[in-house]
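For reference, the structure discussed in these notes is given below.
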Amino acid sequence: MNKELLSFFSLFIALFVGALYYTNNIQGPIISALNYLKTNYHNSTEFIQDNIDKHIFQADSISLLKEKLQKYENNHLVMQQMASEINDLFKANNSKLQTDPKVALVRTISYEKFGDLNRVWIDAKDYNSSKIYGLTYNELVAGIVVPQNGKALGLLNRDIQSSYAVFVGKKRAPGIAHGNNAKNLVVKFIPAWFKIEEGDEVITSGLDEIFFKGLKVGRVLSVKKSQGYQNAVIEPYYESNDPNYFHMIKRVK
């Protein structure tokens, strides 16, 4: 009798776990509830920690340091864009230098669903669900942010629906970087007349208004010609081992 009862409970648990993993209708409400609790937990812990810092340490010094850190992280990306624009200015005298990007520090809440490490829910303030935003981590391209049921969903580089415009190599061959649900990325639609070599660096082109130009994506591993174009396999610089915080590019210019 005990063995039969144990077998019944084992089968029930296995079916329940399987249903959670494969059924979006079951996963959705559970993940939404967990995300709500997790967001409130993070907000509460940050609020408590900030108040402890203000009371135990010198409040003015801490606030100043936090403000300087945010400005440094934002300005570093701005400098990246300016360097790219200045290079173009030397090449073309009629280049227009306009630099006014807006970058926000955002937090990861959780993965979209169990078992998929390439999609994460993003806690972003003043999120406009009609736009697509760029995600960076330590000045490296990490992916994009798209709307999903009115919420911000981060598609990391390797996700098959993550795509953005890039330049390849010193000649700046244009292409579109795509995730491949695998370790490496693929840059498609590179014109056949550009010579692409192993080791060429891939950067954002800024032509999609998701990223500004010059952010690093990865390096070319191999190239293959297909129907008048070239496709390049790319080893990405960003490794999504611990996706906790990102910078979201809210305005390119």
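A few notes on this one:
- Residues being buried (at least 16 other Cβ atoms within 10 Å of the Cβ), among the small types (Gly, Ala, Ser) and over 17 Å from the mean Cα position of the chain (by Cα) - total across segment 189-208: 0
- The combined condition, being charged (D, E, K, R) and under 19 Å from ILE122 (Cβ atoms), is not fulfilled by ARG219.
- Contacts under 6 angstrom Cβ, first residue in segment 144-163 being under 15 Å from ILE210 (Cα atoms), partner polar (S, T, N, Q) and open to solvent by less than 50 Å² (accessible area, probe 1.4 Å), 6 or more apart: ILE144/SER162; LEU155/SER162; LEU156/ASN118; LEU156/SER240
- Segment 209-245: number of residues that are more than 22 Å from ASN118 (Cβ to Cβ) and open to solvent by less than 30 Å² (accessible area, probe 1.4 Å): 3
- Test for GLY199: is it touching a residue at least 12 places away in the same chain (Cβ under 8 Å) and either within 19 Å of GLU139 (Cβ to Cβ) or not in a loop (DSSP other than H, G, I, E, B) (or both): no
The values are calculated or read from the model by the stated rules, or taken from the named source; none is laboratory data. Not measured: the values here are computed from a predicted model. Counting neighbours? That spans all protein chains shown, and the Cβs are built from the backbone with ideal geometry, glycine included. The accessibility values were calculated without ligands, DNA or RNA, using every heavy atom of the protein model including side chains. Shrake-Rupley method; radii C 1.70, N 1.55, O 1.52, S 1.80 Å.
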